[in-house]
Structures are given as structure tokens and as C-alpha cells.
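K.L.:
So that we are looking at the same thing, I have put the structure below in C-alpha cells.
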Amino acid sequence: MAPHKENKAGASADRRLEQLAALAFAAADVLFEVDRVFRIRHVGGAIAKLVGHPPTAVRGLSLFDLIAPQDRIFLRRVMEAFDREQPVGRLAMRFLHAGSPELVTAIVGMSPMPGVKGERLVTATILDRTFIADAGSDGFLDRTSFIDLARRLVPSAEEKPRFEVVMLALPPLMKDSKLRSSKLGMAFAAEAEAILRLNSEGGAVTRLGEDSFAFIQKAGEDPSVVEQKIIEATDVLLAHPRSQTLPLDTSLMEQKEVEAALEHALATFARHSADCAAVTNLPDCLAASARQDRELVASCRSIIEDATFFQVLQPILTLKTGIIQHYEVLTRFAQGVARGISNTSEFIQIAEQVGMINTFDLVNCVKTIKLLQKLPVSVRLALNVSGRSVQSAEFAERLRAVLEGSDTQVAPSRLLIEITETRGITEFEQPCALLQYLFQRGHRICLDDFGAGAMSFEYLRRFPVNYVKIDGPFFRNAMTSGRDRILVRTIARCAFELGCRTVAEMIETEAEAALARELGIECGQGWLFGKPVTADVLMATFSDHSPRQPAPSRMVSPAPTPPPARRVAAMRSGGVVFPAAG
């Protein structure tokens, strides 16, 4: 057949497919006709909106070529279940788009091709980003979105429970970090995650920890079926996955109580998956949550009032030269002090929830200023301040009093203010006023965990900013994700245009440092350059060196050359090396 006749025949088939899509699949945006090996024979509908290509460009490709790499194993699982004539519902799947680094999420359905054995019709309904729950790179819901969905599935008092939450922990096999990062470990995790998404209600899965998950299923379904599928798919021989079922039956609980009970159940399973007898029903979880809250509040109050925490310092340096710009002040607890609180992040979350974060941030600020008064004048420290605190007028007033007090005097340029986003900022008038005051006073402003929250660019637009700290996991994903590399490079370029310096967090290898320089990031922080050390250890290093820091206004453009090896080695061992004179 002549080429123009082939094109004409293809166009005719596509028109027939358009008509079929309009008549039989009116709710779908795109309809694919695929063969036995999922090669696209014809396509109709808004394909350009879905993938950024016209129909002629995708015809003949595999459907897998259009799917985001992290969802391809999931699609294979869906396809296998469909071929075994198992029920396959409409599931969320992410598509690559030629004109954007962002993925396009669509609800995908599948049905047999009428009259053609082995071929399939695949529908894709594009979801508006406004209505997409926040999902990570693995396609799972974040904890907040998952709890909100579970809460909405709770029946009224007159109805029987229709759904339940299943919490599942993978075998100890995956506790080995080397195995987890190996090809075998990553394949194991991808298979297990695909099985969870396929067998959950609407793909509702959240990650509780590195090896533990929660998903929603219909009431009465046996979770051991999912466990067995994971065992069969991954040849797990060392141990059996563990699961715990939590019926979504509230016994007249209010919505906030349901959320608190779910949060307690998920957090408890994440910490102690081997012993979860206390998470069998929501009322018991709520009671346990209330008891735990009282204990944690008492522990939190004791830590703040008695100031029974200490500070450690980790260097942030210029990647081109190895020159230390400043140190971040990190909070640590002595063993036995923070009873019931596992780490600093959990302490901050609790303090924010119970309204104690303002006081803690002020106490931490005073400690930091006292420390600066002891350190050489060339040393600068970055103090973490919660997004919740900067929204408080009372906190702003008390912070001004501290900074302007006669016994807490320190050069403003030596105290950087690092805004964290553990709690998003929703009201901007008070934070803008406070940060403008600090900026005009001479304090440098840092945005922490940039890229981790939904409001990062809004903060950059509204606040006076000197440093943009790119979220550690986000940056590390760029090691393997081309899309994340594009996004990180764009952030670095945007910050440069705005006169801000960028910092990559969690740099632990030379390869990560090289990537940061390649992407245009100016500064780095992580164990490669120095582990957090106490002020006493840092002070001891100054007795062995003649410290000389770069001028605060000095800006150094990124370059591909690595930091001098001797500086990196010294900083990795906890020492501090300053540039030689001249």
C-alpha cells in the first residue's frame, strides 16, 4: 500500500476511534487501542494534552514508553491481572509529557477490544492538578492526604463499615541498607509497591517508613492475599510480611478524633510493626493517642522549660573553594531527656501541634546568640525558626526584644534566620513584616527544604531571601531522575537571577557534590564535608588554625572543579580548614 494510502487508512481508523471514544467512553480524554504486547495501534482523543505528541507520533510505540518510569512495573502488574481476568478498577497512573518536566496524572481503565481477541482498549482521564492528592515519586499518597481520604470513607452511625486500613511491613530482608540500594533490593521494592497500588482501593497507599506501608481495602477482604502476592512476586524466603487491619468504624467519633486515631495507628505501626495489638480499632487508637499526647506534652514542656537540649553545628561551604560560609545550628537531646520523643523532627512537630514552638524557638535563639558571643567574630550561625513561629505577632515582639536586648547583642550578619516548612505559612502579613525587619537589620534569611512543600516558590516571591536550601531527598533524587535534575537546575538558575545563593543538603558522596556543581548549586552541606559537632569541638579547631572567613558580600559562581581534597578530608573528620592566606 502506498504511504499516503497508509496514512489515510490510519487517519480513518483514528476517526473511528474518536467516534468510539465519544460514544462509548464519553468520560475519558484519551482512548488507546493496543495489541497483545501493548503496542499502540490507534489512539483517539486529547493525546497531545496527555503526552505532548500528536496521534501519528505515538502510533506504533509501546504504551510503556508513554508511562513515567516509576509507574511501569505498576502498569505491568495491572496488565498481568487483566490478562488473568482478575478485576482491575480504574487506577491513577502518571504519563510523561514532551513539553513539560511535570508528569501528567490520569485515571486509567482497561477493557477487551470488541471482536478482536487479545487486544485491549485503554482509557485515560486526565486529572486536574487542583484535585490531585499530593503524591511522592513512588506514586503513593502523603500521610495527610491518606488520612483525609480514610476519614472521608468512614460511614455514618447507621451504616456498616465498607472499608478498612491495612498496615503492612516488609520482611527484615530490606533492613539492610546495602541490599535496599542494590538492583535486587530496588526491584524487590518496586514489585511490592506495584502490588500494593494494584490491590488497594483506588490506589490509596501511603508510606509509613522505608519498609512499612498502609493501604485501604474493602471491608472483609483478606490482607494475607496481598502478603502472598508479595512473597510470590519477590521470592521472599527470609520472612513473611506482617500486616495489621484497622476497620474504619468510628463509634460516633468526630472527624478530628478520627484523624487523631488514624495518625496514632499509622505512627505506632511505623515504629513498632512487630507489636501492634493496640491498633485494632479506632476508639482504642484515640484513647491511646490522648494518653500519649499528655505524656509527650509533659516531656516537651520539660525540655523547653529546663533547656535540656544541646546544639551541634554543621558547616555549609562553597563547593568551588571549600570555604565555610556558615554553620547550621541543629538541636539534639541527651539520652533519656526526651522520653517518648524519638528525634528532633518529632519534637518540633509536637511543639508545633501543642503551641510550644514559639517558646522553643526563642529559647533556642538565646542559646545561639550566647554561643556566637563565645565563638570568633568570623563565625556565622544559621538558626532554624518554624514557619508557625513567624506567623505569630507575639513571637515577633519577643524576638525583637531578644535581638535588641543589652545582654544578647551580636552583629546581625553573624546570625542567619532559616525558615523551616514543617508547618506551611498560610497568612503572609505577619511573616513578611518580621522578615523585612530582620533583613533590614542585617540578618540573612534562608529558606529551608526548598522544593519539599507546595509553597516554596510563594515564599521566594514574598520574602527577602539570601539563601535557598534545596530539600535533601529532592536533590538526591536528581542523581537518578532526569526530570528532577531539570527542576533542581531551574531552581538554582532562578535563585541566581534573584541574587540568592543555593545550598544542596545531604551531600554524602563526591558524586553528589559533583552533581551539585554541575546543576549550578553554589554551596553544599552534608557528611562529605563535616558531621555535626558540638561547640566545644568546633572551638578546639580554632586553637589550631588562624581562621579567616570570606567577606559576607562575596559571591562565588559555581564551577566544575571540586573542593580541594585536603579540605574535604579535614571536614569529613570533623575538623575545620580555612583558605590559606594570599
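K.L.:
Filter the helices (runs of 4 or more DSSP H) completely within the stretch 449-508 down to those with at least 2 residues that are without any contact (Cβ under 8 Å) to a residue 60 or more places away in the chain, charged (D, E, K, R) and open to solvent by 60 Å² or more (accessible area, probe 1.4 Å).
P.N.:
Correct list: 456-462, 482-497.
K.L.:
Further question on the same structure: If you scan the stretch 202-228, which residues turn out to be at pLDDT 80 or above, more than 17 Å from residue 265 (Cβ to Cβ) and either of a type in the set (S, T, N, Q) or open to solvent by 20 Å² or more (accessible area, probe 1.4 Å) (or both)?
P.N.:
Scanning the stretch 202-228 gives 218, 220, 221, 222, 224, 225, 228.
K.L.:
Would you check which residues across the stretch 91-114 are of a type in the set (A, V, I, L, M, F, W, C), closer than 16 Å to residue 31 by Cβ and open to solvent by 30 Å² or more (accessible area, probe 1.4 Å) and list them?
P.N.:
107, 110, 113
K.L.:
Tally time: how many residues in the stretch 404-443 are of a type outside the set (A, V, I, L, M), open to solvent by less than 10 Å² (accessible area, probe 1.4 Å) and out of contact with any helix residue (DSSP H, G or I) (no Cβ under 9 Å at 6 or more places or on another chain)?
P.N.:
Counting residues in the stretch 404-443 that are of a type outside the set (A, V, I, L, M), open to solvent by less than 10 Å² (accessible area, probe 1.4 Å) and out of contact with any helix residue (DSSP H, G or I) (no Cβ under 9 Å at 6 or more places or on another chain) gives 1.
K.L.:
Can you tell me which residue is modelled with the highest pLDDT among those in the stretch 303-318 that are surrounded by fewer than 16 Cβ atoms within 10 Å (Cβ to Cβ) and either among the acidic types (Asp, Glu) or closer than 15 Å to residue 346 by Cβ (or both)?
P.N.:
305
K.L.:
Residue under question is residue 260, and the condition is that it be crowded, with 17+ Cβ neighbours inside 10 Å, at pLDDT 75 or above and of a type outside the set (Asp, Glu); does it hold?
P.N.:
Details: crowded, with 17+ Cβ neighbours inside 10 Å: yes; at pLDDT 75 or above: yes; of a type outside the set (Asp, Glu): yes.
Judged against the criteria, residue 260 is a match.
K.L.:
Sticking with this one: Do the conditions hold for residue 279, that is, is it at pLDDT 80 or above and buried (at least 18 other Cβ atoms within 10 Å of the Cβ)?
P.N.:
Criteria not met by residue 279.
K.L.:
Look through 124, 106, 135 and report the one residue that is at pLDDT below 80 and in contact with a strand residue (DSSP E or B) (Cβ under 8 Å, 6 or more places away or on another chain). Spell out the reasoning first.
P.N.:
On the way: 124 fails: at pLDDT below 80; 106 fails: at pLDDT below 80.
When all the criteria are applied, what remains is 135.
K.L.:
Considering (1) in a loop (DSSP other than H, G, I, E, B); (2) at pLDDT below 75; (3) open to solvent by 50 Å² or more (accessible area, probe 1.4 Å), say which one residue 184 fails and leave the rest.
P.N.:
Exception for residue 184: condition (1).
K.L.:
What are the pairs with Cβ atoms under 9 angstrom where one residue, in the stretch 146-171, is assigned to a strand (DSSP E or B) and the other, located anywhere, is open to solvent by 30 Å² or more (accessible area, probe 1.4 Å) and hydroxyl-bearing (Ser, Thr, Tyr)? Sequence gap at least six, or different chains.
P.N.:
164/245; 165/245; 166/243; 166/245; 167/243; 167/245; 168/243; 169/243
K.L.:
Can you find a residue that is at pLDDT 85 or above, among the small types (Gly, Ala, Ser), surrounded by fewer than 19 Cβ atoms within 10 Å (Cβ to Cβ) and closer than 21 Å to residue 117 by Cβ anywhere in the stretch 71-89?
P.N.:
Within the stretch 71-89 (the criterion being at pLDDT 85 or above, among the small types (Gly, Ala, Ser), surrounded by fewer than 19 Cβ atoms within 10 Å (Cβ to Cβ) and closer than 21 Å to residue 117 by Cβ), the answer is no, since none of the residues qualifies.
K.L.:
Where in the stretch 326-429 are the helices (runs of 4 or more DSSP H), entirely inside, with at least 2 residues that are modelled with pLDDT of 85 or more and among the hydroxyl-bearing types (Ser, Thr, Tyr)?
P.N.:
Output list reads 357-374.
K.L.:
Something else: Tally up the residues in the stretch 371-403 that are free of Cβ contacts under 8 Å to residues at least 60 places away in the same chain and surrounded by fewer than 14 Cβ atoms within 10 Å (Cβ to Cβ), please. Write out each step before concluding.
P.N.:
The initial filter retains those residues of the stretch 371-403 that are free of Cβ contacts under 8 Å to residues at least 60 places away in the same chain, namely 372-373, 377, 383, 385-403.
Subset that is surrounded by fewer than 14 Cβ atoms within 10 Å (Cβ to Cβ): 373, 377, 393-394, 397, 401.
Total satisfying the criteria: 6.
The values are calculated or read from the model by the stated rules, or taken from the named source; none is laboratory data. Remember, it's a predicted structure, so these values are computed and weren't measured experimentally. Reconstructed Cβ throughout: ideal geometry from the backbone, glycine too, with neighbour counts over all protein chains shown. Surface accessibility is based on the protein's heavy atoms, side chains included, excluding ligands, DNA and RNA. Shrake-Rupley method; radii C 1.70, N 1.55, O 1.52, S 1.80 Å.
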